[in-house]
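To start, the structure itself, in structure tokens.
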Amino acid sequence: MEFALREYEAADAAAVLRLNAESVAVLSPMDADRLRLLAAMCRFHLVALGPVGVIGFVMGFTDGAAYDSANYRWFAARYRCFLYLDRMVVAASFRGCGVGRAFHAAAERHAIASGLDWLVGEIDLDPPNPVSLAYHERLGFVEVGRQTLPSGKVVSMRARRVSQPRS
């Protein structure tokens with residue numbers, strides 16, 4: 001399946017909100033106002049375009065953002081020079097087609113170009129998200145802590161050092 005990545009545009013909002021709603025069990029809810037707020041503060045925001053339009057999106061925040069996410073704040077208290085990958089979503093019918101790997105590769109390129117040292121994010125442990133856990137382990141993300149959120153959800157905090165280009 002062919003797809004292309006490009007920067008998020010305001011015209012993508014309806015598709016991004018639909019995808020977020022479809023995966024809200026493993027994400028935070030997001031309405032149009034929240035999307036506008038997050039889009040203004042994130043430093044890495046891509047969509048994947050497939051044969052039916054937007055089939056995925058990812059948002060990334062660097063340290064120093066005013067992001068109120070408890071998971072982002074956990075990393076901000078412990079790391080510097082990071083890209084926090086948040087809300088990486090791929091439509092169910094396009095999972096396994098390489099969109100997530102393409103998002104991660106683009107995030108790594110962005111991090112290197114921006115002088116960042118870490119890619120970070122979290123994975124649900126309770127309720128479990130074994131597919132995401134296995135995927136991130138294959139990519140080299142290691143657990144650096146755990147956090148229990150006010151909702152009772154338990155997450156594995158994961159980090160991976162960015163690969164520096166070789167000379």
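Tabulated data
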{"item": "Rounded Å value of the spacing that divides the Cα centres of segment 54-92 and segment 107-129", "result": "7 Å"}
{"item": "Per-residue Cβ neighbour rank within 10 angstrom, fewest leading, GLU122, GLU143", "result": "GLU143, GLU122"}
{"item": "Relative contact order of segment 1-143, defined on C-alpha pairs under 8 angstrom at six or more residues apart (%)", "result": "21 percent"}
{"item": "The chain: calculated mean residue ellipticity at 222 nm from DSSP helix runs of at least 4, using -39500 (n - 2.57)", "result": "-9000 deg cm²/dmol"}
{"item": "Normalised alpha carbon radius of gyration of the chain [divisor 2.2 N^0.38 Å]", "result": "0.98"}
{"item": "Least to most buried among CYS81, CYS97 (fewest other Cβ within 10 Å first)", "result": "CYS81, CYS97"}
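Every read-out reported here was derived from the displayed coordinates using simple, explicitly stated rules and does not represent laboratory data. Keep in mind the model is a prediction, meaning the values are calculated, not measured. Glycine also receives a Cβ, built like all others from the backbone with ideal geometry; neighbour counts cover every protein chain displayed.
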